[in-house]
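Trainee: Structure provided below as C-alpha cells; questions to follow.
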Protein chains: 2
Amino acid sequence: MDRWSRLTPHELNVLESVLWLHGPTRDALLPRLSLSRTQANSVVAGLLEQGWLERGGQRESSGGRRAETLCLHPSLGVLLCADIGATSLDVAVLGLDLKLRERHTEAIDVRAGPAAVLARTRALMRELLARCKLKPRDVLAIGLGVPGPVDFATGQLVEPPLMPGWDSYAIREDLRSDYAAPVWVDNDVNLMALAELWRVKRELQNFLLIKVGTGIGCGIVCHAEVYRGANGSAGDVGHICVDPGGPRCHCGNVGCVEVMAGGPAIARDATAAARSGASELLAQRLAEAGVLTPEDVGLAGRAGDTAAHQIVQRAGQLVGQMLASVVNLFNPSHVFVGGGLTRIGPLYLAALRQCVYQRSLALSTRHLEVGYSPLGDSAGLIGAGVLALQEVLRGRGKVMAAP
Amino acid sequence: MDRWSRLTPHELNVLESVLWLHGPTRDALLPRLSLSRTQANSVVAGLLEQGWLERGGQRESSGGRRAETLCLHPSLGVLLCADIGATSLDVAVLGLDLKLRERHTEAIDVRAGPAAVLARTRALMRELLARCKLKPRDVLAIGLGVPGPVDFATGQLVEPPLMPGWDSYAIREDLRSDYAAPVWVDNDVNLMALAELWRVKRELQNFLLIKVGTGIGCGIVCHAEVYRGANGSAGDVGHICVDPGGPRCHCGNVGCVEVMAGGPAIARDATAAARSGASELLAQRLAEAGVLTPEDVGLAGRAGDTAAHQIVQRAGQLVGQMLASVVNLFNPSHVFVGGGLTRIGPLYLAALRQCVYQRSLALSTRHLEVGYSPLGDSAGLIGAGVLALQEVLRGRGKVMAAP
C-alpha cells in the first residue's frame with residue numbers, strides 16, 4: 001500500500017471523482033473538482049503518467065466530437081465482494097469500473113455461524129479469483145455486506161436479531177488471513193443504497209432503499225451520503241408496528257411489519273391456506289415440495305389463485321403502510337424496492353405503492369417515485385465494491401490494513 | 001450590504017464559526033477552521049481591525065490563564081425574529097450572540113390569515129425595536145418560523161393543512177416592506193432543531209426534535225445539518241398512523257397520531273370526560289371556563305383526577321408509539337421534546353419515553369436520550385436567529401435581498 005500513501009489529497013479526490021462519475025470525460029470531471037482547470041489538468045496528467053488513470057473508450061461529447069474518458073487503471077487491481085444474506089451467499093470479483101467480472105450465488109443458512117459461512121465465502125473468493133486468472137496480491141480491497149446492524153468502525157455485527165452467533169465476530173480479521181487488502185463491512189441494505197447512489201452519480205440526494213426478504217430493512221441516503229444513525233442501526237424498519245393487535249415478533253413486540261409481511265410470514269400464511277383448503281394450487285405445491293416459498297405464492301397468485309393473490313396483496317399493503325410512516329418522516333424523492341420478495345410478482349409492488357400514496361401526505365408524495373431497485377440483485381455486490389474502493393481512495397485503506 | 005460582499009470565503013467561514021461556537025476563544029476557534037494557524041490568525045486580525053469581530057469578555061482557559069473570546073461585532077446589527085404558531089405569536093429582537101434582547105408573546109389564531117398575522121408581527125417588531133432604541137436600518141436579518149411545510153427556496157408555505165389561507169403567500173415580500181434586511185422563513189420545528197444544533201455547537205450529529213402542540217411535527221438533524229427532505233416536508237410525523245381503527249383525521253386518513261394525541265384531541269377527550277361524569281374536576285373547570293385546555297387536563301391529573309391522568313398518559317403513549325417507529329428508522333442519539341403540550345406535566349414525558357424504549361429495538365435505544373428541549377419555548381426564536389445569521393454569513397443575504 002506504500003504507493004498509495006504518497007498520493008496527495010487532490011489526487012485522491014480526482015480518483016474518487018472518476019469512481020463516482022463512472023469513468024467520465026474530462027469535461028464531465030473538471031467541474032466536479034474544487035480545482036482550477038489548469039490545476040485539475042495537471043493533476044490528471046500526473047495520474048495518467050504514473051499509471052493511476054488510463055484513457056478509456058471514446059464517448060460522444062455534446063459537441064458531436066468523440067471525447068476520451070478517464071478510468072481507474074486496471075493494473076491497480078480488482079475488488080472482491082460478498083453479499084451475505086439470511087438464506088443466500090453472493091460472491092463476485094469486480095473491476096474498478098464496478099463491473100462484475102465473475103459471480104457465484106448459492107443458498108446458505110446464515111445461522112450456520114460466521115466460521116462456516118466465511119470459510120465458504122473465502123473458498124468462493126479463491127475460486128472466482130482463479131477463474132479471472134488473478135492472484136491474492138491483485139486484490140485491491142474487499143467489501144462485505146451482512147444482514148444485520150454493523151458497527152462500521154470495527155466492521156462487526158452488533159446484536160443481530162436473525163444471527164446471534166455473529167455478534168461481535170471479527171469478520172475483518174477472518175478475511176484478512178488470505179489477503180493483505182483492507183476489508184470493509186457494512187449492513188447489506190446500506191450497501192444496496194450506496195450502489196444506487198453510485199448508479200445515479202450522487203445526483204439524487206435523498207432517497208430510500210427498502211429490502212424485503214426474510215427480514216425487512218431500509219437503506220437511507222441523506223444529503224447524498226449513506227446515513228447509518230447514531231449506533232449504526234438506522235433503517236431498522238422491520239420492527240415498526242403496523243398492527244397493535246398483530247402477532248408477537250421475535251423482538252418481543254407485537255405487530256412488527258417483518259413478522260407480518262416478511263418471507264417467512266408469507267410462507268406461513270400460504271401453508272395455512274394450503275392446509276385449510278382455501279387454495280388448491282398451494283395445497284398441490286405443498287404436497288409436491290413439502291414446503292412453500294414466497295415464490296410459490298407469487299406463481300399461484302399469477303395463475304389465478306385467489307388465496308395466494310390475497311396473501312401477496314396483503315404483504316405488499318403492510319409494507320406500504322410501514323413505508324407511508326417512513327415517507328412522512330423522511331420525504332424522500334425516490335423509494336427503491338429490492339430483495340427476494342420483489343420476485344413474487346408485480347401485484348406486490350402495486351399493493352405496496354398504492355398504500356404509500358394513500359397513507360402519506362400529498363406534499364410528500366407529489367413527486368415521489370416508488371419502483372424496483374434498478375440494480376436489482378447486483379446492488380449488494382456493487383455497493384460492497386463502491387464502499388471498498390471509496391474507502392481506499394479516501395486514504396483510509398492503509399490505516400485499516402495495519403490497525 | 002455592499003460591505004458584506006467584499007468578505008472573502010475564509011473571512012465568512014471565520015465569522016460563521018464564531019456564531020456556531022458561541023463566541024469562542026482563539027484556541028477553540030482555530031482548530032475548527034481549515035486554515036493554518038498563521039493564516040487563521042491573520043484573517044482574525046483583519047476582521048478585528050475592520051470591525052467585523054470584537055474582543056469579548058475573558059474566559060477561563062484550560063491552562064488557568066484568562067483567554068479573550070471573539071464575538072461578532074455588535075455594530076453589525078441585530079436580528080428580528082418571529083415564531084408564528086397555530087395559536088401563539090412570539091416576536092423578539094436578538095443580538096448576534098443569539099441572546100434575546102426584547103421579547104413579546106401573545107395568543108393568536110393563525111387561521112386569521114397571513115395579512116392580519118403578519119401585520120401584527122410587523123407592529124410588534126417595530127415596537128420591540130423601539131424598546132431597544134434601534135432603527136429599521138440596524139436590522140441585519142429577519143428570521144421567521146411558521147407551523148407548516150415551507151418551500152425553503154421561496155420562503156412560502158406549501159399546502160399547510162392547518163392554515164389554508166397561507167398557501168404560497170409571499171411572506172418575505174410582506175416583511176420586506178419595512179426593512180431592507182433579507183428575510184428567511186422555515187418550518188417552526190426545523191428552526192427548533194436548528195436552535196438545539198447551535199446550542200450543542202454541532203457536536204450532536206444526529207438527533208430529532210419533536211414538537212407536540214396543536215399539531216405534531218419533527219425536526220431532523222442528520223450529519224449535523226437540518227434535513228428538510230426532497231420537498232421540504234420531512235418530519236411531517238403528525239400523520240403517521242398509530243391505530244388503523246382510530247378516528248378520521250382532516251388529512252383524510254384514519255388513526256393519525258395528531259388527531260388522537262394533539263392538543264385539540266386532549267381537549268376533546270377532557271370535555272367528554274367532564275360531560276360523562278368521569279371527572280368531577282374537569283366538569284367544574286368546564287363549567288367555570290366554558291372550554292377545557294390541555295393545561296387544565298394536566299392540572300387535574302396532578303390533583304389526583306383519574307380520568308385526566310389517563311388522558312395525559314394515553315396521549316404520551318400514542319406519541320411514544322409514533323416515535324418508536326421514527327427511532328427505529330432514524331436511530332438518533334437524542335430526542336428532544338418541545339411545544340405547548342410539554343407543559344401538561346411530567347407524566348406526559350414519562351409515558352412517551354416508556355413507550356419509545358419498549359417499542360424500539362435495543363440497539364437503537366441503548367444510548368438514546370429522550371428529554372425536554374433544553375431551549376424550551378425560546379427554541380423557535382433562537383432557531384430563527386441562527387437561520388437568518390447563518391444565511392447572511394454564508395453570503396446569500398445579498399442575493400436574497402434583491403431577488
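Trainee: Find all pairs meeting these conditions: Cβ atoms under 6 angstrom apart; at least six residues apart or on different chains; first residue within the stretch A:299-314 and assigned by TED's automatic domain parsing to the domain that holds A:Ala261; second residue not in a helix (DSSP H, G or I).
Mentor: Pairs found: A:Arg302/A:Gly345; A:Asp305/A:Ser279; A:Ala307/A:Ala278; A:Ala307/A:Ser279; A:Ala308/A:Ser279.
Yes/no per residue for (1) crowded, with 21+ Cβ neighbours inside 10 Å; (2) of a type in the set (Val, Ile, Thr); (3) in contact (Cβ under 8 Å) with a residue 40 or more places away in the chain:
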residue: A:Leu144; (1), (2), (3): yes, no, yes
residue: A:Pro149; (1), (2), (3): yes, no, yes
residue: A:Leu162; (1), (2), (3): no, no, yes
residue: A:Ile210; (1), (2), (3): yes, yes, yes
residue: A:Ile220; (1), (2), (3): yes, yes, yes
residue: A:Val257; (1), (2), (3): yes, yes, yes
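Trainee: Here's a follow-up. Could you check B:Val158 against (1) under 18 Å from B:Ala379 (Cα atoms); (2) among the aliphatic types (A, V, I, L, M); (3) modelled with pLDDT under 95 and say which number it fails?
Mentor: B:Val158 satisfies every listed condition except (1).
Trainee: Further question on the same structure: From (1) in contact with a Gly (Cβ under 7 Å, 6 or more places away or on another chain); (2) on the phi > 0 side of the Ramachandran plot; (3) surrounded by fewer than 23 Cβ atoms within 10 Å (Cβ to Cβ), pick out the condition that doesn't hold for A:Lys201.
Mentor: Result: A:Lys201 passes all but (1).
Trainee: Here's a follow-up. For the stretch A:24-113, give me every one of the strands (runs of 3 or more DSSP E) that falls completely inside it and has 2 or more residues that are surrounded by fewer than 16 Cβ atoms within 10 Å (Cβ to Cβ) and either at pLDDT 95 or above or not assigned by TED's automatic domain parsing to the domain that holds A:Gly383 (or both).
Mentor: In the stretch A:24-113, the matching strands (runs of 3 or more DSSP E) lie at A:53-60, A:66-72, A:100-107.
Trainee: Mind listing just one residue for me: the one in the stretch A:299-317 that is touching a Gly at 6+ places or on another chain (Cβ under 6 Å) and surrounded by fewer than 24 Cβ atoms within 10 Å (Cβ to Cβ) and, of those, farthest from A:Pro264 (Cα to Cα)?
Mentor: For the stretch A:299-317, the residue satisfying everything is A:Arg302.
Trainee: Find the residue count for the stretch A:152-163, including only residues that are assigned to a loop (DSSP other than H, G, I, E, B) and within 12 Å of chain B (Cβ to nearest Cβ). Give the steps one after another, and end with the answer.
Mentor: Kept after step one, since they are assigned to a loop (DSSP other than H, G, I, E, B), are these residues of the stretch A:152-163: A:152-155, A:158-163.
Within this subset, residues satisfying the condition of being within 12 Å of chain B (Cβ to nearest Cβ) are A:158-161.
Of the residues in the stretch A:152-163, 4 are assigned to a loop (DSSP other than H, G, I, E, B) and within 12 Å of chain B (Cβ to nearest Cβ).
Trainee: Do you know which residues across the stretch A:259-284 are surrounded by 20 or more Cβ atoms within 10 Å (Cβ to Cβ) and either within 13 Å of chain B (Cβ to nearest Cβ) or of a type in the set (Ser, Thr, Tyr) (or both)?
Mentor: A:Met260, A:Ser279
Trainee: Just to be sure, is B:Val386 within 26 Å of B:Thr271 (Cα to Cα) and at pLDDT 95 or above? Before you say what the answer is, go through the steps one by one.
Mentor: Numbers: within 26 Å of B:Thr271 (Cα to Cα): no; at pLDDT 95 or above: yes.
Considered against the rule, which asks whether it is within 26 Å of B:Thr271 (Cα to Cα) and at pLDDT 95 or above, B:Val386 comes out as no.
Trainee: Okay, next question. Restricting attention to the stretch A:318-339, and to residues there that are within 11 Å of chain B (Cβ to nearest Cβ) and not hydrophobic (A, V, I, L, M, F, W, C), which single residue is surrounded by the fewest Cβ atoms within 10 Å (Cβ to Cβ)?
Mentor: Once the filter is applied, the top-ranked residue is A:Ser333.
Trainee: Among the residues of the stretch A:104-163, what is the count of those that are within 30 Å of B:Ser360 (Cβ to Cβ) and among the hydroxyl-bearing types (Ser, Thr, Tyr)?
Mentor: Qualifying residue count, the stretch A:104-163: 1.
Trainee: Here's something else I'd like to know. What do you reckon, is A:Tyr357 out of contact with any Pro (no Cβ under 6 Å at 6 or more places or on another chain), buried (at least 20 other Cβ atoms within 10 Å of the Cβ) and at pLDDT below 95?
Mentor: no
Trainee: Restricting to the stretch B:198-207, name every residue that is more than 10 Å from chain A (Cβ to nearest Cβ) and assigned to a loop (DSSP other than H, G, I, E, B). Spell out how you get there, then give the answer.
Mentor: Quick first cut of the stretch B:198-207, residues more than 10 Å from chain A (Cβ to nearest Cβ) only: B:198-203.
Residues satisfying the conditions are B:Val200, B:Lys201, B:Arg202, B:Glu203.
Trainee: State all residues of the stretch B:208-230 that are within 8 Å of chain A (Cβ to nearest Cβ) and closer than 30 Å to B:Thr293 by Cβ; if no residue qualifies, say none.
Mentor: B:Cys218, B:Ile220
Trainee: While we're on this one: Filter the stretch B:309-361 for residues that are in a helix (DSSP H, G or I), among the small types (Gly, Ala, Ser) and more than 22 Å from A:Ile210 (Cβ to Cβ) and give the result. Break it down into steps so the answer makes sense when it comes.
Mentor: Pass one, the stretch B:309-361, residues in a helix (DSSP H, G or I): B:309-330, B:340-344, B:346-359.
Checking the rest, the ones that are also among the small types (Gly, Ala, Ser) come to B:315-316, B:320, B:324-325, B:340, B:350-351.
Once the filter is applied, which keeps residues that are in a helix (DSSP H, G or I), among the small types (Gly, Ala, Ser) and more than 22 Å from A:Ile210 (Cβ to Cβ), the stretch B:309-361 yields B:Ala315, B:Gly316, B:Gly320, B:Gly340, B:Ala350, B:Ala351.
Trainee: Can you tell me how many residues in the stretch B:164-195 are away from chain A (no Cβ under 14 Å) and either touching a Phe, Trp or Tyr at 6+ places or on another chain (Cβ under 6 Å) or not in a helix (DSSP H, G or I) (or both)?
Mentor: 12
Trainee: Within the stretch B:134-151, can one find any residue that is part of a loop (DSSP other than H, G, I, E, B), away from chain A (no Cβ under 11 Å) and over 19 Å from the mean Cα position of the chain (by Cα)?
Mentor: Looking through the stretch B:134-151, at least one residue is part of a loop (DSSP other than H, G, I, E, B), away from chain A (no Cβ under 11 Å) and over 19 Å from the mean Cα position of the chain (by Cα).
Trainee: Give me a count of the residues in the stretch A:231-255 that are facing chain B (nearest Cβ under 7 Å) and surrounded by 20 or more Cβ atoms within 10 Å (Cβ to Cβ).
Mentor: Qualifying residue count for the region: 9.
Trainee: Right, something else. Please work out which residue is surrounded by the fewest Cβ atoms within 10 Å (Cβ to Cβ), limiting yourself to the stretch A:362-371 and to residues that are facing another protein chain (nearest Cβ under 7 Å) and assigned to a helix (DSSP H, G or I).
Mentor: A:Ala362
The values are calculated or read from the model by the stated rules, or taken from the named source; none is laboratory data. Keep in mind it's a predicted model, so treat the numbers as computed, not measured. Virtual Cβ from ideal backbone geometry, glycine too; neighbours counted across all protein chains shown.
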